[in-house]
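Taking it in order: structure first as structure tokens, then the write-up.
Just so it is clear, none of the values below were taken in a lab; they were calculated from the coordinates. Source: prediction; values computed, not measured. Using ideal geometry, Cβ is built from the backbone for each residue, glycine included, and neighbour counts are taken over all protein chains shown.
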């Protein structure tokens with residue numbers, strides 16, 4: 001939910017679904033079908049354009065921003081959303097190639113962290129969208145805007161899971177941003193468990209405002225508009241925000257400031273623990289604000305392990321078991337041991353009942369990584385199970401949805417993140433694994449939202465992956481995780497992924513008697529489960 005500012009009065013409205021966005025875009029196109037003059041109509045046009053995506057957008061964007069061009073001449077950016085979008089507008093029929101070149105001239109004199117990810121040029125009736133990170137260019141008309149909303153994931157947060165690339169340079173940039181923030185806080189004397197919890201919460205907030213959990217750039221606005229530039233009040237205000245995120249809307253104080261009440265109820269125990277407030281300086285506050293200008297939707301939760309290896313001491317991280325395994329290596333294990341068979345079943349499923357039985361089987365699977373580190377193995381496994389289910393849902397219900405029938409995704413979507421579990425000896429890595437799985441679940445829900453033209457978001461967080469802090473070599477897995485029917489080993493990644501198998505090897509006594517050699521992770525198990533009243537042995 002969000003609060004919309006209209007004539008200084010805040011009104012609570014629901015976030016927009018894809019169908020609502022399309023409806024709003026169509027209304028915008030009709031309203032401005034005859035708009036044509038840059039000088040007299042440009043700002044109204046672009047305020048209405050931004051309102052298509054979010055009522056808060058016009059508060060984030062700036063109009064007629066003075067800036068020096070590359071040649072030193074004075075220029076004015078027509079519309080500028082720092083870190084997100086730069087618009088150059090021309091009157092109807094004017095040359096858009098010239099508009100694009102003019103937009104490029106503004107970039108060299110912008111602060112690096114404010115450089116936009118997209119340029120948009122228009123003559124009111126025609127648009128050219130340049131996605132600078134990928135080099136893509138898209139042309140469309142005003143009338144075609146409702147069918148081009150998928151191009152504006154950087155405004156809506158609807159970026160499908162799986163579009164993020166492991167080799168994207170953004171991954172290294174994100175790691176560096178978080179490492180710098182970590183080091184700055186550590187240098188100021190904030191360390192240990194409170195620092196680790198704080199970083200995990202901040203990571204969630206940074207992702208949330210770029211992936212449609214929060215309003216777009218809502219966390220940035222909180223930092224820039226409601227904390228002092230010298231940072232003296234930021235620690236206390238962050239703790240206040242964390243308390244709001246852990247409080248149901250109906251239980252919040254009536255006098256709560258509107259900019260705080262606009263944040264959703266998250267739950268999931270992520271914001272429950274109380275700890276002493278960090279002391280921010282002007283410099284550390286600036287580092288955190290800088291993080292909000294990065295597009296976190298570009299980072300896949302599947303690479304969280306790699307990202308956070310740069311934060312803690314690498315030698316200590318290796319000792320404690322938080323290894324990062326690359327996604328290609330993870331799939332080398334998962335494909336032959338689990339996924340290839342399921343994909344073959346899906347390709348052979350031709351009828352509705354057969355598809356439904358396969359979906360039920362997917363929902364019955366339970367996966368365990370007994371040395372999960374930052375959760376990369378579990379995140380990729382969960383994503384692949386969900387994508388298989390997405391194809392089943394497409395074949396079962398997408399035709400009905402296209403005909404206008406409402407599909408209750410909360411009822412029909414069965415594979416849940418609590419089907420995966422992990423053990424991890426290092427607390428920071430375990431917390432990262434939890435957040436990574438939550439965010440992957442959210443990205444997958446956005447993918448479904450896009451397919452079925454509705455907003456499907458699991459908030460507040462209920463349940464979730466079971467990541468337990470403990471040493472899998474010394475403790476009983478079944479007791480620690482309350483695993484019923486834990487019986488069957490699916491596979492051992494040790495033979496496939498060498499870089500995840502470095503650690504102390506020993507025999508352990510547990511639910512399975514004396515286990516096979518286990519080293520540093522890379523072991524995946526599944527066990528029996530009862531789903532929809534049917535007991536399934538997963539063999």
Note on segment 169-299: contact order normalised by length, alpha-carbon pairs under 8 Å, 6 or more apart, percent, works out to 38 percent
Computed over segment 350-454, the relative contact order (Cα-Cα under 8 Å, seq sep at least six) in percent reads 43 percent
One finds the C-alpha centres of segment 330-358 and segment 203-249 to be spaced, in Å, by 41 Å
Subtracting the Cα-Cα distance of residue 23 and residue 230 from 0.36 nm times their residue separation yields 70.2 nm
In nanometres, the difference between 0.36 nm per residue of separation and the alpha-carbon distance of residue 173 and residue 76 is 32.0 nm
Whole-number value, in Å³ per residue, for the convex hull of the alpha carbons of segment 2-156 is 121 Å³
Here the gain from full extension of residue 347 to residue 39, 0.36 nm per residue of separation minus their alpha-carbon distance, amounts to 105.2 nm
Sorted on mean Cβ neighbours within 10 Å (highest first), peptides 107-116, 86-95 come out as 86-95, 107-116
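Would you work out if segment 183-302 is rounded, prolate or oblate? Take a ≥ b ≥ c from the square roots of the eigenvalues of the alpha-carbon gyration tensor; rounded if a/c is under 1.5, else prolate when a/b is larger than b/c, oblate otherwise. Walk me through the numbers before you get to the answer.
Details: a/c = 1.35, a/b = 1.19, b/c = 1.13.
The shape class here is rounded.
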